[in-house]
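Trainee: Handing you a structure now.
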Amino acid sequence: MPRSATVTQLLLDARAGDEDAFDRLWPLVYDELRRLAQAQLRRERPGHTLLTTGLVHEAYLKLADAPDVEWRSRAQFFSIAARAMRQILIDHARRRNADKRGGDRDRTTLMSKHLPFEVRFDELIALDDALDRLDALDERLRQVVEMRFFGGMTEEEVAEVLGLSTRTVQRDWAKARAWLYAELYDNGE
């Protein structure tokens, strides 16, 4: 059975109540979760205290302890994993900022090739808040951003998860990037 089909089957088994399915899933998704975590942490400030392994393990625990999720596919699993990693990084940033209000601010490139602008580390929380506002306007645009940026998913993978055409995902991605840039950087000028 191909790896993708195996992952999907284990997710369906977990959804059906197989308590050991997530234990069997772990070795199949671990490398991909590490790749996602490494991509996320490369965008963070140097010396970030959350390491790749810690981010992977925290995200996996969130996923394994998500009783309300209707697991459907490998792509959906990694989409939800991307969101879990986003939440973990935001929580980490909030704790850090609570400890260091007003101190020197580090710069980091959050958006790299995905969004053509830089965000200060302390703006990570502003980005999260902007994504929440985007969700209130258009949930699908928020999902596209999470899957592309936080999940590192291709446009084709996002299209598969959301049941859209690749061209629609490309338009949504462009629209979301423009909206986020305006929300984070336009000062009404």
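Each value in this text was obtained by applying a stated rule to the coordinates, not by laboratory testing. Everything numeric here is computed off the predicted structure, so don't read it as measured data. Reconstructed Cβ throughout: ideal geometry from the backbone, glycine too, with neighbour counts over all protein chains shown.
Trainee: If each residue of separation counts as 0.36 nm, what is the full-extension length gain between TYR30 and ILE125 once their alpha-carbon separation is subtracted?
Mentor: Working: separation 95, 0.36 × 95 = 34.20 nm, distance 2.73 nm.
Stretched out fully, the TYR30 to ILE125 stretch lengthens by 31.5 nm.
Trainee: What number comes out for the charge environment of GLU19, summing +1 per Lys or Arg and -1 per Asp or Glu over other residues with Cβ under 15 Å away? Let's see the in-between values first.
Mentor: Values: positive: ARG15, ARG24; negative: ASP13, ASP18, ASP20, ASP23, ASP65.
With Lys, Arg at +1 and Asp, Glu at -1, the net is -3.
Trainee: Further question on the same structure: Which net charge results for the neighbourhood of LYS175, defined as the other residues with beta-carbon distances under 11 angstrom from its beta-carbon, given Lys and Arg at +1 and Asp and Glu at -1?
Mentor: Overall, the nearby charge balance is +1.
Trainee: Given labels modelled 7 Å from the Cα in the Cβ direction, how far is it in nm from SER73 to GLU156?
Mentor: It works out to 1.3 nm between the two label points.
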